[in-house]
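Input: a single structure, listed below in structure tokens.
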Amino acid sequence: MRLLQAAPEAPENAVSIRAELLSGLSASPATIAPKYFYDALGSRLFAAITELPEYYLTRTEAEIFAEHQNAMAAALGLAATLVDLGAGNCEKAARLFSVLHVRRYVAVDISLHYLRESLENLQQKHPAIEMLGVGLDFSRSLHLPAEVGTEPRTLFYPGSSIGNFTPDEALAFLRQANAECCGGSLLIGVDLVKPVNVLEAAYDDPLGITAAFNRNLLRHLNRLAGTDFDIADWRHVAFFNGGESRIEMHLQALRDTTVSWAAGERRFAAAERIHTEHSYKWRSEDFAALLETAGFSRPRHWCDARGWFAVFAAQA
Ligand SMILES: C[S@@+](CC[C@H](N)C(=O)[O-])C[C@H]1O[C@@H](n2cnc3c(N)ncnc32)[C@H](O)[C@@H]1O
């Protein structure tokens with residue numbers, strides 16, 4: 001197993017990361033990108049979220065893979081390399097190794113320490129598969145390092161992470177993904193529009209794990225940007241914005257509070273919010289059209305019986 005930290009994520013870029021975070025914090029409304037959820041604790045909290053009864057996404061997607069994996073493998077065609085974008089604990093990809101005849105697994109994630117742990121465990125279970133971990137922020141640019149090679153590969157982007165992008169950003173991302181397939185294919189999970197109560201429960205569970213995941217962002221920010229957020233001043237808010245067809249997650253100030261850092265400060269009035277995530281919910285026909293606009297051909301998809309989630313396969 002090898003681990004690479006791709007150039008844009010190298011430690012010398014701490015300055016540009018801090019500048020991005022402080023500019024989002026100073027904006028009105030304040031915004032922090034969801035990629036900053038994932039420090040080592042954030043990655044573990046996300047894994048815990050996937051176990052929650054309310055978080056139907058992971059379970060439903062797994063059912064679709066289990067039922068249709070042979071048809072998916074046929075639609076994707078043969079590619080020895082599987083590139084997992086936002087691999088997290090790598091569990092989803094590992095379940096597909098055998099049906100996709102994977103000989104090379106490239107796991108890409110912004111959360112490098114968690115990725116290392118996940119990959120080390122996985123390599124022990126699958127010694128015959130060559131494994132490469134890539135620490136990369138693909139929201140800046142999805143450009144895989146030269147070590148990944150130039151062979152056609154399957155890009156795997158599960159979990160409806162594409163929903164974190166606005167439709168315009170998703171199109172730009174999918175265009176880059178198309179190029180990075182090197183003539184191979186894409187397998188992508190997409191969350192669909194469904195009753196609001198189901199959506200809102202998935203992002204605001206009664207155990208408070210999603211709230212912890214959201215609020216942990218402030219601790220990560222304190223470390224990355226030198227801010228002095230007190231988590232006790234903030235609460236988790238999640239709701240469905242029907243006009244935009246997206247779940248929004250925010251952190252809301254419980255009282256007037258001032259957050260300071262070396263060269264500045266930001267005052268928040270009580271009830272003011274920081275926007276931390278949106279998660280767009282698609283209609284399957286719109287997502288198929290998006291894939292085609294991004295240059296993919298022959299998109300096919302499979303759904304669960306309730307029509308809550310879709311997995312698309314398409315050729316680059
Ligand atoms: C919602 S989790 C999904 C994890 C796993 N693929 C799944 O489907 O359960 C998103 C994953 O993508 C990673 N991630 C988020 N934003 C990223 C970015 N901009 N670049 C690279 N990885 C990112 C996170 O660290 C996390 O592991």
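Structure values in brief
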quantity: Flag if ASP256 is open to solvent by 60 Å² or more (accessible area, probe 1.4 Å) and over 27 Å from PRO53 (Cα atoms); calculated: yes
quantity: Matching residues in region 24-42 - criterion: being more than 13 Å from MET249 (Cβ to Cβ), open to solvent by 30 Å² or more (accessible area, probe 1.4 Å) and not in a loop (DSSP other than H, G, I, E, B); calculated: SER26, LYS35, ALA40, LEU41
quantity: Region 109-125 - residue that is within 8 Å of the ligand (Cβ to nearest atom) and of a type in the set (A, V, I, L, M) and, of those, farthest from THR81 (Cα to Cα); calculated: ILE110
quantity: Checking ALA128 against (1) closer than 16 Å to ALA47 by Cα; (2) more than 11 Å from the ligand (Cβ to nearest atom); (3) open to solvent by 40 Å² or more (accessible area, probe 1.4 Å); (4) of a type in the set (A, V, I, L, M), the condition it does not meet; calculated: (1)
quantity: Residues that are open to solvent by 10 Å² or more (accessible area, probe 1.4 Å), more than 12 Å from the ligand (Cβ to nearest atom) and part of a helix (DSSP H, G or I), drawn from region 166-175; calculated: PRO167, ASP168, LEU171, ALA172, ARG175
quantity: Strands (runs of 3 or more DSSP E) contained in region 262-316 and holding at least 2 residues open to solvent by less than 20 Å² (accessible area, probe 1.4 Å); calculated: 273-280, 309-315
quantity: ASP191 being open to solvent by 60 Å² or more (accessible area, probe 1.4 Å) and either away from the ligand (no atom under 12 Å from the Cβ) or in a strand (DSSP E or B) (or both); calculated: no
quantity: Qualifying positions in region 206-258 - in contact with a Ser or Thr (Cβ under 7 Å, 6 or more places away or on another chain) and in a helix (DSSP H, G or I); calculated: ASN214, LEU217, LEU221, ASP233
quantity: Complete set of residues in region 150-165 that are out of contact with any strand residue (DSSP E or B) (no Cβ under 6 Å at 6 or more places or on another chain), surrounded by 14 or more Cβ atoms within 10 Å (Cβ to Cβ) and outside any helix (DSSP H, G or I); calculated: PRO152, PHE165
quantity: Criterion violated by ALA238 - all others in (1) without any contact (Cβ under 8 Å) to a residue 60 or more places away in the chain; (2) surrounded by fewer than 20 Cβ atoms within 10 Å (Cβ to Cβ); (3) small (Gly, Ala, Ser) satisfied; calculated: (2)
quantity: Any chance MET1 is over 13 Å from GLY135 (Cβ atoms), more than 12 Å from the ligand (Cβ to nearest atom) and open to solvent by less than 30 Å² (accessible area, probe 1.4 Å); calculated: no
quantity: Residues of region 139-163 that turn out to be within 9 Å of the ligand (Cβ to nearest atom), farther than 20 Å from HIS101 by Cβ and of a type in the set (A, V, I, L, M, F, W, C), as a count; calculated: 1
quantity: Those residues of region 131-148 which are over 11 Å from LEU4 (Cβ atoms) and open to solvent by 40 Å² or more (accessible area, probe 1.4 Å), in sequence order; calculated: SER139, ARG140, SER141, HIS143
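The values are calculated or read from the model by the stated rules, or taken from the named source; none is laboratory data. Only a predicted model underlies this, so the values are computations on that prediction, with no experimental measurement involved. Because the Cβ atoms are built from the backbone with ideal geometry, glycine has one as well, and the counts that use them run over all protein chains shown. Just the protein is used for accessible areas: all its heavy atoms, side chains included, with ligands, DNA and RNA removed. Shrake-Rupley method; radii C 1.70, N 1.55, O 1.52, S 1.80 Å.
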